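Here is the structure we will look at.
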Amino acid sequence: EEGFRKRYELVRRFEDGVNVMYTQKSMIYVMDWMLERSPWASQMDAQRVYAVGGSLGGGGALALGFHPPDRIAAVNSIVGRTCATYDGWISRMSYKQFGLDEMGIPTPHGVSIYDHLNLGKVIARNPGRDWPAVRMLNGKNDDIIVWQPIPSFYAAANQWGAPLNAYF
């Protein structure tokens, strides 16, 4: 009779849950549908799937390329975020979505959500893995996608052999 009522209260505490990356799951579902069941499936090569995006989409393209890396051939990220935290600073909205870093709220895979989102740590946890080729464009003076966490991602990629071309 009254329709939906908006409720601005926590249903349960962050610590009682698990962070599931539903956007990544949805993108993988669409990719699988395109490759296996779409009218164009016979014309597509599953070994040549590329993820491309800018800003928030650049971070999403990177995340899709590293979770799971065997499904994406290459990533082109224009000013994409490589993690949600750095040096104790949490990205503006991350804590509202994922809780605080100190809470250590897990993903279904058992690693904390912030470790899942930190692509430098993902590379370091999986040395020698066959990563997709990555091309990134970042700005050192960007106020939104800040520079501070980017060098640690580059360092991890260089140390563990992820093919990376960086432009800044």
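The values are calculated or read from the model by the stated rules, or taken from the named source; none is laboratory data. Please read all numbers here as calculations on a predicted model, not as lab measurements. Using ideal geometry, Cβ is built from the backbone for each residue, glycine included, and neighbour counts are taken over all protein chains shown. When the accessible area is computed, the model is the full protein with side chains, heavy atoms only, and any ligands, DNA or RNA have been set aside. Shrake-Rupley method; radii C 1.70, N 1.55, O 1.52, S 1.80 Å.
Among the residues of the range 37-95, write down those that are among the hydroxyl-bearing types (Ser, Thr, Tyr), buried (at least 20 other Cβ atoms within 10 Å of the Cβ) and either more than 22 Å from Asn141 (Cα to Cα) or modelled with pLDDT of 90 or more (or both).
Ser77
Would you mention how many residues in the range 39-90 are more than 11 Å from the chain's Cα centre (by Cα), closer than 13 Å to Ala133 by Cβ and aliphatic (A, V, I, L, M)?
7
Does the range 9-36 hold any residues that are assigned to a helix (DSSP H, G or I), surrounded by 14 or more Cβ atoms within 10 Å (Cβ to Cβ) and of a type in the set (S, T, N, Q), and which are they?
Within the range 9-36, just Gln24 meets the criteria.
Do you know which of the residues in the range 133-147 that are at pLDDT 80 or above and either of a type in the set (S, T, N, Q) or farther than 22 Å from His67 by Cα (or both) is most open to solvent (accessible area, probe 1.4 Å)?
Asn141
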